[in-house]
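Engineer: If you scroll down you'll find the structure; I have some questions about it.
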Amino acid sequence: MLSSLHLSRLLVGSALCLSASLVGAQSFRVQCPNSTITHPVAANNNSEPAYVGPTYTGTNGYGSTPAHVNGAIKCQQISGGDGYAAMGDGTQTYLFSFGPLSGITDIALGKPGTQFPAVFNVPFPVSTSNFLVPGDPATTINAATVPLTPAQLTTLANYNYNGAVGLIPNIANLETIYDLSESGHTVTVVTNTPLDLNLKVGQQVVIAGGTDVPAGYQGTKTVTAVNVANPFFPANFAFQYAATATGLANVNQSPTATAAIPSSIDGHVDPRQIMDVGVMNGNIPAPLMAIDEDDEFFLTLTNVGMIMRPDLFEQHTVHFHGYPNASAFYDGVPDASVAINIGASFTYYYLAPDAGTYFWHCHITPPEHLQMGMVGQLYVRPRQNRVAAGANLYTARATQDTDLRTACVSANDILCSNPLPVANTGAVQVAGGQYAYNDGDGSTRYDVEYPLQIHGFDPNFHFVGMTFNPEGFADMKDKYFLLNGRSYPDTVSPGPLQTQSADGVNHFSQPLPAIINISAGQRALLRISDLDVSEYQTLASLGIPMQVIGYNAKLLRDQAGNNLYYTTNSITLGGGESLDVILDACAVRGPAPTYTCTTPMAAGIYYLYTPNLDHLSNDAENFGGLMTEVHVN
Ligand SMILES: [Cu+2]
């Protein structure tokens, strides 16, 4: 399908203009740099460094070098295409959807698919007996049962491939050399062909030649400059490196001199692996993403096409909803940014600015693509998680105000979303402490966190969407009510839920269970987002009060620093809204700054369910819908 598509594009292109067809050619590709200007040391970008001070301390603009390197680099690849999901009554529903094309094991285990470069930039270890096949990882672990058996869940965990699907090394490249010359220790190499586009400063090249090439030129060298002006050819024929020996004689038109550029990982992909794994691998909700404040996030969207709707040439985009994006270019709104066609990839760039719970979706014909399934959650963890153990949280929060980019001072910023607390409570970071926000008083600390995505489906809209009929936008009416893409009782099935798609292969279509497990005395953060297109959704907690601490990715605190958290037994959200809620499995908790639990709650099973009773159903089936269990263990 892909090749015929390319062919038709080339034919159309050549009819108009031959060169335009070449420029217009698209392809799959991933991007995940190991280092950047603000994260310059590759070896430091595969873990989150401790937060010890502001990235920049200047009073305007950015300095050239960060004072402290904060955050790391994260990468993820997703497919845009179609797939199927299974509803609570067993009905298969057709989706327009995003699926995982990296972190495929983590996603299937219900975790975010976001990875450090050291994990993402790893090709699948292909051999004659080991290769990616349609439906992976469900196919390889032979996931014939629902839910998976404990042994299958172990096999899934051991599968453990989380790199970018399709990634293959760039082929080695050998170029003949026209001229070698030295000035001081700097050698300029002019080759006979334009340089490999991927040759970069810092890369290794092997210079070799016969007796006509002085030994001082030869060996493995590190490129110090590319695109160097020279007397012979255009600049893109030449590069430089540093030699140990000086005074080397000029070599011109050598019959033997060569520059060998070894194979390397630079984002090239094998489209077969992408199509095998990406086609019909739709997930609902869309793949989970999680980044830390100060991270640079490279998200590659690869459009694999919708097999069930070959009449459509749908573009897809990624829009981070409610997220403070610096540039419209990466915002995904098609009128103001890039949208890619079938057979192409596009890498979005984000700098993680404010902690909180957000969601993301495709922004092409939003009512249609969202209803059909192209929507999921993302969240940003706060800097406060990385404060050193024992450090005062109020002081650490105040330090963030010395960085212009992260400053949040109510006195001169009425939009400050995360003011300092009204007083220093003396709360300190405990080793490994995790928080929902940069609270400065430890009040948003939690022990476990759960994404809880509320959603609804109109099966009629999905059916006409699959069968080439006009969709009734104004008639949309939810009949299935979903938590993390599943209706009760599927919400409490452990492990990934799978669906056989039209390709005859099982795919992990709904990886996220919605069982909340809390140890008695501990606190769970529920990151609740409403992904619904047509309805308000209400969720009630029976037996454990919900403490609401954040709304639409903003800490609930007034500009004077008073916490406005409130305790309730139900919350209501419209589509596109999010809430951060703490469920506390502690009956009696001590005061600030330690909030020690003195009387844990009794172990047992509690319920999260919707009090909109018509939403407790799976289409024609009574009982089901928007409900899950909270297990206090
Ligand atoms: Cu779309």
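Engineer: For region 155-192 and region 92-132, compute the distance between their C-alpha centroids and round to whole Å.
Structural biologist: Answer, in whole Å: 25.
Engineer: Let me ask something else about it. Quick check: residue separation of Thr155 and Gln204 times 0.36 nm, minus the Cα distance between them. What number comes out in nm?
Structural biologist: Difference between extended and current length: 13.7 nm.
Engineer: Which is farthest toward the positive dipole end of the chain among Val581, His268, Phe359, measuring Cα position about the Cα centre, with Cβ charges +1 (Lys, Arg) and -1 (Asp, Glu)?
Structural biologist: Of the candidates, His268 comes out farthest on the positive side.
Engineer: Just grab the label-to-label distance for Asp503 and Ser27, each label 7 Å out from Cα along the Cβ direction, in nm (one decimal).
Structural biologist: If labels sit at Asp503 and Ser27, their model points lie 2.2 nm apart.
Engineer: If amide H atoms are built 1.01 Å from N in the plane of the peptide, which residues on other chains or at least 5 residues away come under 5 Å of the amide H of Gly495?
Structural biologist: Long-range HN contacts for Gly495: none found.
Engineer: Residue-wise, which Karplus ³J(HN,Hα) couplings in Hz belong to region 231-242, taking 6.51 cos²θ - 1.76 cosθ + 1.60, θ = phi - 60°, and x for glycine or proline?
Structural biologist: So the J values, rounded to whole Hz, are x, 9, 10, x, 4, 6, 9, 10, 9, 10, 8, 9.
Engineer: Between Gly442, Ser327, Ala388, whose Cα lies farthest towards the positive end of the dipole of the chain when Lys and Arg beta carbons carry +1 and Asp and Glu beta carbons carry -1, centred on the Cα centre?
Structural biologist: Towards the positive end, the residue furthest out is Ala388.
Engineer: So what's the projected area for the chain, the Cα convex hull averaged over all directions, in nm²?
Structural biologist: With the hull built on Cα positions only, its mean projection is 32.8 nm².
Engineer: About the Cα centre of the chain, how large is the charge dipole given +1 on each Lys and Arg Cβ and -1 on each Asp and Glu Cβ? Please answer in debye to the nearest 20.
Structural biologist: Working: 22 positive and 48 negative charges, 219 e Å.
Computed about the Cα centre, the dipole is about 1060 debye.
Engineer: Fully extended, how many nm does the chain gain between Thr467 and Asn250 (0.36 nm per residue separation, minus their Cα-Cα distance)? If you can, show how the numbers build up before the last one.
Structural biologist: Numbers: separation 217, 0.36 × 217 = 78.12 nm, distance 7.05 nm.
Full extension of this stretch gives 71.1 nm more.
Engineer: On to the next question. Note down the magnitude of the dipole of region 471-552 about its Cα centre, charges +1 on Lys and Arg C-beta and -1 on Asp and Glu C-beta and zero elsewhere, to the nearest 20 debye.
Structural biologist: Dipole size: approximately 420 debye.
Engineer: What order, most packed first, do the peptides 328-338, 389-399, 88-98 have when packing is the mean number of other Cβ atoms within 10 Å of each residue?
Structural biologist: 88-98, 389-399, 328-338
Engineer: I'd like to know how region 69-109 sits against the 2.2 N^0.38 Å rule of thumb: what's its Cα Rg over that expected value?
Structural biologist: Details: Rg = 14.8 Å, N = 41, 2.2 N^0.38 = 9.0 Å.
Against the empirical 2.2 N^0.38 Å value, I get 1.64 for region 69-109.
Engineer: Then there's this: Considering the zone a paramagnetic label at Ala50 would reach in this model (a point 7 Å from Cα along the Cα-to-Cβ line), which residues of region 417-443 have amide N under 17 Å from it?
Structural biologist: Inside the label zone: 428-434.
Engineer: Got the relative contact order for the chain handy, in percent, Cα pairs under 8 Å and 6 or more residues apart? Can you show the working numbers first?
Structural biologist: Numbers: 1678 pairs, mean separation 92.3, N = 633.
The normalised contact order for the chain reaches 15 percent.
Engineer: Order of 201-212, 179-190 by packing, highest average Cβ count within 10 Å first?
Structural biologist: On the way: 201-212: 14.5, 179-190: 18.0.
By packing density, highest mean first, the sequence is 179-190, 201-212.
Engineer: May I ask you to give the percent of accessible area on the chain that is carbon plus sulfur, with a probe radius of 1.4 Å?
Structural biologist: Carbon and sulfur together cover 59 percent of it.
Engineer: Here's a follow-up. Using a basic spin-label model with each label point 7 Å from the Cα along Cα→Cβ, how many nm lie between Thr65 and Ser35?
Structural biologist: 1.3 nm
Engineer: Check which residues have an amide H placed less than 5 Å from His321's amide H, if you skip close sequence neighbours.
Structural biologist: Phe359, Trp360, His361
Engineer: So if I take the alpha carbon set of region 511-633, get Rg, then get Rh from the Kirkwood formula, what is the Rg over Rh ratio?
Structural biologist: Using only Cα positions, Rg/Rh for region 511-633 is 1.00.
Engineer: Let me ask something else. What's the lysine pair count for the chain at a Cα cut-off below 24 Å, pairs eight or more apart or interchain?
Structural biologist: For the chain, qualifying lysine pairs total 5.
Engineer: Over region 548-633, what is the mean sequence separation of C-alpha contacts under 8 Å (at least six apart), divided by residue count, expressed as relative contact order in percent?
Structural biologist: Numbers: 110 pairs, mean separation 17.7, N = 86.
About 21 percent, as a whole number.
Engineer: Calculate, for Glu621 and Ala423, the FRET efficiency according to 1/(1 + (r/R0)^6) with r their C-beta to C-beta distance and R0 35 Å; round to the nearest 0.05.
Structural biologist: About 0.05, to the nearest 0.05.
Engineer: Do you know the relative contact order of region 111-256, to the nearest whole percent, from alpha carbon pairs under 8 angstrom that are 6+ apart?
Structural biologist: 22 percent
Engineer: Taking θ = phi - 60°, what integer Hz values does the Karplus form 6.51 cos²θ - 1.76 cosθ + 1.60 yield along region 514-522, in sequence order, with x for Gly and Pro?
Structural biologist: Values per residue, Gly and Pro as x: 10, 7, 9, 9, 10, 6, 3, x, 9 Hz.
Engineer: What do you reckon, how do Phe346, Phe481 stack up by accessible area (1.4 Å probe), largest on top?
Structural biologist: Largest accessible area first, the list is Phe346, Phe481.
Engineer: Out of Ser493, Pro591, Met372, whose Cα points farthest toward the positive end of the dipole of the chain (charges: +1 Lys, Arg; -1 Asp, Glu; placed on Cβ)?
Structural biologist: Ranked along the dipole, the leading option is Pro591.
Engineer: For the pair Thr128 and Thr395, how long in nm is the line joining their label points, each one 7 Å along Cα→Cβ?
Structural biologist: A separation of 6.4 nm, rounded to one decimal place.
Engineer: Related question: Can you give the helix-only mean residue ellipticity at 222 nm for the chain, where every DSSP H stretch with n ≥ 4 adds -39500 (n - 2.57) and the sum goes over all residues, rounded to the nearest 500 deg cm²/dmol?
Structural biologist: Mean residue ellipticity at 222 nm (helix-derived): -3000 deg cm²/dmol.
Engineer: Taking H as built 1.01 Å from N, whose amide H comes closer than 5 Å to the amide H of Ala344, not counting residues under 5 places away?
Structural biologist: Asn303
Engineer: With every protein chain left in place, what is the accessible area per residue of region 246-314 in square angstrom, probe 1.4 Å?
Structural biologist: Spelled out: the 1.4 Å probe surface of region 246-314, per residue, equals 32 Å².
Engineer: What accessible area, in Å² to the nearest ten, does a 1.4 Å probe give for Lys477?
Structural biologist: 90 Å²
Engineer: Which FRET efficiency value, to the nearest 0.05, do you get for Asn633 and Ala336 by plugging their Cβ-Cβ distance into 1/(1 + (r/R0)^6) with R0 = 41 Å?
Structural biologist: The formula returns an efficiency of 0.25 here.
Engineer: Residues of region 443-509: accessible area per residue at 1.4 Å, in Å²?
Structural biologist: On the way: 2300 Å² over 67 residues.
Dividing the accessible area of region 443-509 by its residue count gives 34 Å².
Engineer: Enter the angle in degrees (range 0 to 90, nearest 10) between the Cα long axis of helix 150-159 and the first principal axis of the Cα atoms of the chain, meaning the one along which they spread out most.
Structural biologist: 30 degrees
Engineer: A further question follows. Rolling a 1.4 angstrom probe over the protein heavy atoms, how many square angstrom per residue are accessible across region 328-441?
Structural biologist: Here the residues of region 328-441 average 33 Å² of exposed surface.
The values are calculated or read from the model by the stated rules, or taken from the named source; none is laboratory data. Everything numeric in this text was worked out from a predicted model, so none of it was measured. Glycine also receives a Cβ, built like all others from the backbone with ideal geometry; neighbour counts cover every protein chain displayed. When the accessible area is computed, the model is the full protein with side chains, heavy atoms only, and any ligands, DNA or RNA have been set aside. Shrake-Rupley method; radii C 1.70, N 1.55, O 1.52, S 1.80 Å.
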